[in-house]
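See below for the structure under consideration.
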């Protein structure tokens, strides 16, 4: 089975979390996810996340603290996803790889049809308190 290592970013603005919807293709068509993508050979997770946010959303970002790693087996591939907070970002969001995006309160996240690997991240975000609380 194919194994993928990816990164995902948690972007927070005005106490809302950025959620992105995949395009209508592949096993995860139209599922919602946190933005990010594949880690290329020789990249750190943080550099990969910076690059992916630039490519997918045309934003510059400062990658912050590590949140968690999720391992999930889909029907056609095994995924290892490292998740980080994004401390700051600038630029106008352009959806180069996604069908849609929404800024949602933590309590609204359950209203979307999420990719299975992203669900543990939502569960952890619900429990967090303090500086990174949303």
Report, in whole Å, the centroid distance computed from the Cα atoms of the stretch 56-134 and the stretch 15-54. 8
With runs of 4+ DSSP H residues as the only contributors, calculate the mean residue ellipticity of the chain at 222 nm using -39,500 (n - 2.57) per run, divided by the residue total and rounded to the nearest 500. -5000 deg cm²/dmol
Protection proxy ranking, peptides 67-79, 108-120, average beta carbon neighbours within 10 Å, highest first: 108-120, 67-79
Looking at the chain as a GNM with Cα springs under 10 Å, which of 16, 80, 25 has the largest mean-square fluctuation? 25
In Å, what Kirkwood hydrodynamic radius results for the stretch 16-134 from the alpha-carbon pair distances? 14.9
Given a cut-off of under 8 Å on Cα pairs at least six residues apart, what relative contact order in percent is computed for the stretch 2-127? 33
Under a point spin-label approximation (7 Å from Cα along Cα-to-Cβ), what is the residue 99-residue 128 distance to one decimal in nm? 2.7
Assuming 0.36 nm per residue, please report the length gained on full extension of the stretch residue 111 to residue 30 beyond their Cα-Cα distance. 27.8 nm
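Where a number appears in this text, it was derived from the coordinates with a stated rule and is not lab data. This one's a predicted model, so the numbers in the text were calculated from it and none came from an experiment. So basically every Cβ, Gly included, is an ideal-geometry build from the backbone, and we count neighbours across all protein chains shown.
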